[in-house]
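So the structure is just underneath, and the comments pick up after that.
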Amino acid sequence: MASKPSIPKGTRDFSPAEVAKRQYIIQIIKSNFEKFGFQPIETPSFENSETLMGKYGEEGDRLIFKILNSGDYLAKANATHLEAKDSTRLTSSISEKALRYDLTVPFARYVVQHQNEIEFPFKRYQIQPVWRADRPQKGRFREFFQCDADVVGSKSLWQEVELVQLYDSVFTALGLAGVTIKINNRKILSGIAEVIGASDKLIDFTVALDKLDKIGEDGVKKEMIEKGIAEEAIAKVQPLFNFTGTISEKIEKLSALLSSSAEGLKGVEELRFICDNVTNLGLSTASLDLDVTLARGLNYYTGAIFEVAAPKTVAMGSIGGGGRYDDLTGIFGLKNMSGVGISFGLDRIYLVVEELGLFPEAVTSTSKALFINYGEREAFYSMIAIKELRAVGIKVELYPDNAKVAKQFQHADKRFIRYAVIVGEEEMNGNQYSLKDLVSGEQKKVSLEELKQILK
């Protein structure tokens, strides 16, 4: 007996209705990307392992899906590592490729590889799936789409200002009011680590601090101590665990806290520029907040970092994030190429929009009308109209089989098709169509032009 088919954990099938809703979100994101001057590119689903490994920190590397080499992949395996069952070292000899973990590192590779063809500053957007060997849970999947917008070749902080506006523009268009765009700066985090004498522990410090909202103050302190950061050093940053006030007030507090760190003060001034200009230009429905615990445990951010929180009425993790990376392309041999970018988490945004009931009723992939099949002559007469309706962009279809009429109407009902078009001897003789509204039950005879107007 055949086993029941299934799909891997952390992946999903999407129904026609779900795909239509996803495409609705993607189209809004895409149109705003283009409105802000971004151009589309695409990169392969998998990259050479060396392109990805070492770019996301220790935690990120563990979540990269590796692809076994084709053919007898054990033939070139390191015998010593194989015998010792050392999977970490063995992997590099049996897997030379990996599924992409995000869109940013492949983009950096793209920029370096095509640098002679690109006009800088280069503003690109990319909407493609990525894969992470993460633990599946609500809003977290192993296969999901990212929607990225990046600018490379410009150090101007006006790019950060525009990216905050881009977030606001997209979420406003989705009707998703009340999102919070959190901002911080890695230079500030570096400055804090410098002030407390733990510069050599910067990554450990930031990764632990980033978990404040998940494991709480005690959990963060415990992790920092386990990573070798002294209790006296942690005590110096106690104010960070309860950092309140307006953005301006927070910036002044940081300025005082980081007075002995040139790097930290540079980060404060960058934040001041971005926040002041965003505030003066104004946002439509989103709010901006300075979150000093925001660290985003990725190695490559060097300046501003962003994270977008869903409205407080929805229990959901971040629905977007990004930041400035001054040296990302340097790892591929192209120095002094600064970039900044943001990402939209499509799958989480979908869940939030769905939970808040914000999808318009018109978002559907189904046909506007089903032509009922009464026989070959009636079907051909219907197909003439169907061809004209489709030519002007109206989604219609003919029930393919000359089945019982009740079954055809039932099919339209199950497909959520609003109208049925009935063609019999009387309609053909009068060059007309009977249009039935399956919601109200109203039925009337119309000409083809009238049918076009109603179904539009």
* Asked: Quick one: would you say ASN69 is at pLDDT 95 or above, surrounded by 15 or more Cβ atoms within 10 Å (Cβ to Cβ) and either of a type outside the set (Asp, Glu) or assigned to a loop (DSSP other than H, G, I, E, B) (or both)?
  -> no
* Of all the residues that make up segment 212-223, how many are of a type outside the set (Asp, Glu) and in contact with a helix residue (DSSP H, G or I) (Cβ under 6 Å, 6 or more places away or on another chain)? -> 3
* Asked: What do you reckon, is THR88 open to solvent by 70 Å² or more (accessible area, probe 1.4 Å), part of a helix (DSSP H, G or I) and under 30 Å from LYS227 (Cβ atoms)?
  -> yes
* Show the residue pairs that are 6+ apart or on different chains and have beta-carbon atoms under 6 Å apart, the first residue being within segment 336-360 and touching a residue at least 40 places away in the same chain (Cβ under 8 Å), the second being part of a strand (DSSP E or B) and among the aromatic types (Phe, Trp, Tyr). => GLY339/TYR325; ILE342/PHE306; LEU346/PHE145; ASP347/PHE144
* Only one residue in ALA79, ALA149 is among the aliphatic types (A, V, I, L, M) and in contact with a Lys or Arg (Cβ under 9 Å, 6 or more places away or on another chain), so which one is that? -> ALA149
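Considering each residue of segment 27-48, count those that are of a type in the set (Lys, Arg), crowded, with 16+ Cβ neighbours inside 10 Å and more than 17 Å from the chain's Cα centre (by Cα), and give that number.
Going through segment 27-48 one residue at a time, the tally reaches 0.
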* To do: Quick one: which residue in ASP437, ASP413 is open to solvent by 70 Å² or more (accessible area, probe 1.4 Å), without any contact (Cβ under 8 Å) to a residue 40 or more places away in the chain and not aliphatic (A, V, I, L, M)?
  => ASP413
* May I ask you to list pairs of residues, at least six apart or on different chains, whose Cβ atoms are under 8 Å apart, with the first in segment 393-408 being open to solvent by 80 Å² or more (accessible area, probe 1.4 Å) and the second being aliphatic (A, V, I, L, M)? => ASN402/ALA379
* **Within segment 107-119, considering residues that are of a type in the set (A, V, I, L, M, F, W, C) and in contact (Cβ under 8 Å) with a residue 60 or more places away in the chain, the one farthest from GLN146 (Cα to Cα)** => VAL112
* If you check TYR56, TYR24, which single one turns out to be more than 30 Å from ARG415 (Cα to Cα), open to solvent by less than 70 Å² (accessible area, probe 1.4 Å) and not acidic (Asp, Glu)? -> TYR56
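Report whether or not ALA193 is at negative phi, surrounded by 22 or more Cβ atoms within 10 Å (Cβ to Cβ), among the small types (Gly, Ala, Ser) and within 28 Å of the chain's Cα centre (by Cα).
no
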* When residues of segment 352-386 are limited to those that are open to solvent by less than 50 Å² (accessible area, probe 1.4 Å) and hydroxyl-bearing (Ser, Thr, Tyr), the one nearest to LYS404 (Cα to Cα) -> SER382
* Whichever residue in segment 416-434 is closer than 19 Å to ALA403 by Cβ and of a type in the set (Ser, Thr, Tyr) and, among such residues, is most open to solvent (accessible area, probe 1.4 Å) -> TYR419
* Single residue of GLY339, GLY345 found to be over 30 Å from GLN137 (Cβ atoms), modelled with pLDDT under 95, buried (at least 20 other Cβ atoms within 10 Å of the Cβ) and under 28 Å from the mean Cα position of the chain (by Cα) -> GLY339
* **Residue that is at pLDDT below 90, aliphatic (A, V, I, L, M) and over 30 Å from GLN126 (Cα atoms), where the choices are LEU240, LEU265, LEU298** => LEU240
* To do: Determine if segment 157-174 includes at least one residue that is open to solvent by 70 Å² or more (accessible area, probe 1.4 Å), part of a loop (DSSP other than H, G, I, E, B) and at pLDDT 90 or above.
  => no
* Structure fact -> Selection from segment 1-42 of residues β-branched (Val, Ile, Thr), farther than 20 Å from TYR125 by Cβ and assigned to a helix (DSSP H, G or I) yields VAL19
* Checking SER154 against (1) in a loop (DSSP other than H, G, I, E, B); (2) open to solvent by less than 10 Å² (accessible area, probe 1.4 Å); (3) more than 16 Å from ASN32 (Cβ to Cβ), the condition it does not meet -> (2)
* Does LEU265 satisfy being part of a loop (DSSP other than H, G, I, E, B), surrounded by fewer than 19 Cβ atoms within 10 Å (Cβ to Cβ) and more than 20 Å from the chain's Cα centre (by Cα)? -> no
* To do: Those residues that are farther than 15 Å from LEU166 by Cβ and of a type in the set (Phe, Trp, Tyr), I need them from segment 336-354; list them, please.
  => TYR350
* Kindly indicate whether any position in segment 271-289 is open to solvent by less than 10 Å² (accessible area, probe 1.4 Å), part of a strand (DSSP E or B) and in contact (Cβ under 8 Å) with a residue 40 or more places away in the chain. => no
* Matching residues, segment 119-149, being surrounded by 14 or more Cβ atoms within 10 Å (Cβ to Cβ) and aliphatic (A, V, I, L, M) -> ILE127, VAL130, ALA149
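The values are calculated or read from the model by the stated rules, or taken from the named source; none is laboratory data. Bear in mind that the values here come from a model prediction, so they are computed numbers and not experimental data. A quick note on method: Cβ atoms are made from the backbone with ideal geometry, for glycine too, and the neighbour counts reach across all protein chains shown. For accessibility, only protein heavy atoms count, side chains too; no ligands or nucleic acids. Shrake-Rupley method; radii C 1.70, N 1.55, O 1.52, S 1.80 Å.
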